[in-house]
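See structure below.
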Amino acid sequence: MMRIRKKDKVRVISGKDKGKEGEVLALLPKRDKVKVAGVAIVTRHLKARRQGEVSSIKKEECFIPAAKVMPICGSCKKACRVATKSLDNGMRVRVCGRCKEIM
């Protein structure tokens, strides 16, 4: 079970964007990378490929290592480590490491 999921709110804990917060847009679990809204912005130069298209310069997010982000708990509003807990019905859920609430 990954500690980070899509649409989680996370805080960047290292790198040039340290301290920024954002929502997870995409995950690459095999490469252990995440894409966070407003973090790791890169400039891409797009060339016109067809007749009538216009070349442009776009700014977009790129993937960063998942180890550089930490999920923010919904109840205590702090960045925390994630633990797992098995419920009575056999489901496994993610739990905040600080306040022990289900995320």
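Residues of segment 6-35 that are surrounded by 15 or more Cβ atoms within 10 Å (Cβ to Cβ) and assigned to a loop (DSSP other than H, G, I, E, B): 8, 17, 20. Would you pick out the residues in segment 59-103 that are among the small types (Gly, Ala, Ser) and either within 17 Å of the chain's Cα centre (by Cα) or under 20 Å from residue 21 (Cα atoms) (or both)? If the condition is that a residue be among the small types (Gly, Ala, Ser) and either within 17 Å of the chain's Cα centre (by Cα) or under 20 Å from residue 21 (Cα atoms) (or both), then 66, 67, 74, 75, 79, 97 are the ones that fit.
Quick one: would you say residue 61 is closer than 21 Å to residue 12 by Cβ, in the same structural domain as residue 21 (by TED's automatic domain parsing) and of a type in the set (D, E, K, R)? Yes: the conditions hold for residue 61.
Scanning segment 39-74 for residues that are basic (Lys, Arg) and part of a loop (DSSP other than H, G, I, E, B) yields 47, 49, 50.
Does segment 71-84 contain at least one residue that is over 15 Å from residue 9 (Cα atoms) and either among the charged types (D, E, K, R) or touching a strand residue (DSSP E or B) at 6+ places or on another chain (Cβ under 8 Å) (or both)? Within segment 71-84, one or more residues are over 15 Å from residue 9 (Cα atoms) and either among the charged types (D, E, K, R) or touching a strand residue (DSSP E or B) at 6+ places or on another chain (Cβ under 8 Å) (or both).
The values are calculated or read from the model by the stated rules, or taken from the named source; none is laboratory data. A quick note: this is a predicted structure, and the numbers were derived from the prediction, not measured. Counting neighbours? That spans all protein chains shown, and the Cβs are built from the backbone with ideal geometry, glycine included.
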